[in-house]
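A.B. asks: Have a look at this one.
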Amino acid sequence: MPGTMRQLGKRRASLSANLKIGDHRGCCRTPEEEEVFFPFAQDSVVKQWSSMHNVTEKNQEKSKAPPRRSRCFLNINVGGKSFQIPYKMAARYPITRIGKLAISTDPMKKLKLCDDYSVQRNEYFFDRDPLIFHYIFHFYRSGVLWIMDELCPTNFVEEIEYWGIHLKCSQRCCRILFEEKQDELKEYLKIQRELEAELEPMEQEENFEGKCLGEFRKAVWNLIEKPYSSIPAKIIAVMSSFFVLISIVGMTLSTVEEMQHKTGKAFMEQLETICAVFFTSEYLMRLISTATFPKFLRAAFNAIDLVAILPFYIQILFEHLDEGDALYHEERHKMESVGKLGKVLKLIKLMRIFRILKLARHSTGLRAFGFTMRQCYQQVCCLLLFIALGVFTFSALMHSVEHDVPGTNFTSIPDAWWWAAVSLSTVGYGDTVPDTVLGRMVAFGCISFGIILNGMPISILYNKFSDYYAKLKAHENETSLTLKFTKKIRFKERVLKKLAECCSGDAHIHG
């Protein structure tokens, strides 16, 4: 029976990593081929084992010299996990860090390539991520760099750059997916940085130490700029929004014909004066209490506050100039300049509409909308380009098929722009309609193009808006909870301090 038993071959160290269909050389390699061959393992090289090995020889192996195979291997310890790579296999990639370590004969250069070296174990230590090194390990064995979806792109790129391996060594399909994921992560991090920059002015604490009336200015600043710091600060924030709405309503009602009589005009002027005085007081309180004057002038919200109050004072100045010119200027060209001043005055009054932007200071939704527009400006510009393309194209087509029809409104391409814009927006006022069959077909194409065009940006803008709004709202809630928690701690400290004072007073009396 033993004579007929076939000679046992060496078992493979890995059963699946090197399996190839039709490959029958796995168990009958020559010693030369066995030195080059290296199986892929997860933690370390699996020690050779045969089913005929005697278990009692286990203790004797410790006193023997290292086997012949280990002398051909480069012993590497990455983050506490040991790996063994054949010198011949590592030398195939001399540009990489492991390749340089394998072909280098200078001990000093080898020490520069690694973080530490164990003379006793002949092992090079690297303080890197052992999980990612599994894929580096497999690269030296197979020549292909594998990329898994669960890996962090930034960490993976940093690791392969350290080991001197280029991303081009991976498969094209994996590389395309990895680069897409990398681009998404870069875009996400960019948006996060800009969102943090948006929230930074709200989070920054003004430094009032060592400045004139520092405590008083800090109290005024918190009262105006931080609605969640106290109940009076919330009241001022509500009052600011209320006066903005009142001002906009007053400006709107001033254009109504029934309000043009003397009593209505006087009431609207008084209302405008009250709103302007409140906005001026608010702006001056911010200006006086700010810790950094140049930074205050560069802030966007402060510029909006200034624009909100300037029209009122410019209007007073122009009315004063208008009255003065009428008294002592009699030349004709001076009277013409007075008429021009009246037109400018109307334009300045119209600037009061920008007061509604003051609501963005206390409105999370408006801030999220503005941030969305800044982030999606490329998509918005592309949408405007498509609208302009559609307007010019369909207005030209409509003019070409309708200009011969008697009594048509499409007498020229510019006359057809309004119809094309209304049709693209799918509003369809019906003030201008085509009469011919071809004109109606062009109108149908214009409306269909408008439906497709209107549906394109909705998902992109809405998803980003909802995401930004949720982040801003979460930050707002977090700030509110932090302030409440701080107040509770201070309240407890004050109570404990009072109790300690009372106890010490009683003890002094009894003593």
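The values are calculated or read from the model by the stated rules, or taken from the named source; none is laboratory data. These figures come from a predicted structure and were not determined experimentally. Positions of Cβ are backbone-derived with ideal geometry, glycine not excepted, and every protein chain shown enters the neighbour counts. These area figures cover heavy atoms from the full protein model, side chains too; ligands, DNA and RNA do not enter into them. Shrake-Rupley method; radii C 1.70, N 1.55, O 1.52, S 1.80 Å.
A.B. asks: With a 1.4 Å probe and all protein chains kept in place, how much accessible area does F394 have, in Å² rounded to the nearest 10?
C.D. replies: It works out to around 30 Å².
A.B. asks: Give me the one-decimal nm value for the distance between modelled label points at A470 and A219, 7 Å along each residue's Cα-to-Cβ direction.
C.D. replies: 4.2 nm
A.B. asks: How would you classify the range 63-202 from its alpha-carbon gyration tensor, with a ≥ b ≥ c the square roots of the eigenvalues: rounded for a/c under 1.5, else prolate if a/b is greater than b/c, otherwise oblate?
C.D. replies: Working: a/c = 2.84, a/b = 2.00, b/c = 1.42.
In terms of gyration-tensor shape, prolate.
A.B. asks: Sticking with this structure for a sec: Quick check: from the Cα gyration tensor, does the range 245-317 come out rounded (a/c under 1.5), prolate or oblate?
C.D. replies: On the way: a/c = 3.15, a/b = 2.80, b/c = 1.12.
Verdict is prolate for the range 245-317.
A.B. asks: While we're looking at this one, here's another question. At a Förster radius of 56 Å, what calculated FRET efficiency corresponds to the Cβ-Cβ distance of E180 and V256, to the nearest 0.05? List each step's numbers first, then the result.
C.D. replies: Working: r = 57 Å, r/R0 = 1.01.
Using R0 = 56 Å, I get an efficiency of 0.50.
A.B. asks: How far, in nm, would the chain grow between R193 and I103 when pulled straight, counting 0.36 nm per residue and subtracting the alpha carbon separation?
C.D. replies: Details: separation 90, 0.36 × 90 = 32.40 nm, distance 4.42 nm.
Extending this stretch completely gives an extra 28.0 nm.
A.B. asks: With a 1.4 Å probe and all protein chains kept in place, how do C174, C275 rank by accessible area, largest first? Could you put the intermediate results ahead of the total?
C.D. replies: Details: C174 30, C275 0 Å².
Largest to smallest exposure gives the sequence C174, C275.
A.B. asks: While we're looking at this one, here's another question. Which order do you get for L357, L384, L195 if you rank them by accessible area with a 1.4 Å probe, largest at the top? Before the final figure, lay out each step's value.
C.D. replies: Values: L357 80, L384 105, L195 10 Å².
Correct descending sequence by accessible area is L384, L357, L195.
A.B. asks: Then there is this: For the range 379-480, with all protein chains present and a 1.4 Å probe, just round the carbon and sulfur fraction of the accessible area to a whole percent. Write out the running numbers ahead of the final one.
C.D. replies: Values: 4270 of 6000 Å².
Its accessible area is 71 percent carbon and sulfur atoms.
A.B. asks: Right, something else. Show M456, M285, M251 ordered by accessible area, largest first, where the area counts protein heavy atoms only and the probe is 1.4 Å. Please list the in-between numbers first.
C.D. replies: Values: M456 100, M285 70, M251 30 Å².
Descending order: M456, M285, M251.
A.B. asks: Same structure again: I'd like to check one number: the per residue accessible area of the range 368-409, probe 1.4 Å, reported in Å² as a whole number. Could the numbers behind the result be given before it?
C.D. replies: Values: 2420 Å² over 42 residues.
For the range 368-409, the solvent-accessible area averages 58 Å² per residue.
A.B. asks: Give the calculated FRET efficiency between L131 and Y462 to the nearest 0.05, with a Förster radius of 35 Å applied to their Cβ-Cβ distance.
C.D. replies: On the way: r = 38 Å, r/R0 = 1.09.
The pair L131/Y462 has a calculated efficiency of 0.35.
A.B. asks: Taking the mean number of other Cβ atoms within 10 Å as a proxy for protection, how do you rank 262-268, 75-81, 461-467 from highest to lowest? Write out the running numbers ahead of the final one.
C.D. replies: Numbers: 262-268: 12.0, 75-81: 16.9, 461-467: 14.7.
Most protected by this proxy first, the peptides run 75-81, 461-467, 262-268.
A.B. asks: Taking a threshold of 30 Å on the Cα-Cα distance, which of the pairs K109/K181; K112/K168; K262/K346; K295/K346; K88/K181; K88/K168 fall above it? Could you put the intermediate results ahead of the total?
C.D. replies: Details: K109/K181 37 Å; K112/K168 26 Å; K262/K346 19 Å; K295/K346 32 Å; K88/K181 35 Å; K88/K168 22 Å.
Result: K109/K181; K295/K346; K88/K181 exceed 30 Å.
A.B. asks: How large is the accessible surface of S118 in square angstrom, using a 1.4 angstrom probe and rounding to the nearest 10?
C.D. replies: Here the residue's solvent-accessible area equals roughly 40 Å².
A.B. asks: Of the heavy-atom accessible surface of the range 120-190 (probe 1.4 angstrom), what whole percent is carbon and sulfur?
C.D. replies: On the way: 2130 of 4090 Å².
Carbon plus sulfur share of accessible area: 52 percent.
A.B. asks: Before anything else, pin down the relative contact order of the range 77-211: Cα pairs under 8 Å, at least 6 apart, normalised by residue count, whole percent.
C.D. replies: Working: 109 pairs, mean separation 27.4, N = 135.
After rounding, I find 20 percent.
A.B. asks: For the residue pair N477 and S230, what label-to-label distance in nm results when each label sits 7 Å from Cα along the Cα-to-beta-carbon direction?
C.D. replies: 2.8 nm
A.B. asks: Heavy atoms of the protein only, probe of 1.4 Å, neighbouring chains included. What is the accessible area of H261 in Å², nearest 10?
C.D. replies: 90 Å²
A.B. asks: Applying 1/(1 + (r/R0)^6) with R0 = 51 Å to the Cβ-Cβ distance of D404 and V249, what FRET efficiency is obtained, to the nearest 0.05?
C.D. replies: The value I calculate is 0.50.
A.B. asks: Modelling each spin label as a point 7 Å along the Cα-to-Cβ direction, I'd like the Q378/T436 distance in nm, to one decimal.
C.D. replies: The answer from the label model is 4.3 nm.
A.B. asks: Once neighbouring chains are kept in place and the probe is 1.4 Å, which whole percent of the accessible area of the range 233-299 is contributed by carbon and sulfur?
C.D. replies: Values: 2950 of 3990 Å².
Taking all protein chains in place, the range 233-299 shows 74 percent carbon and sulfur surface.
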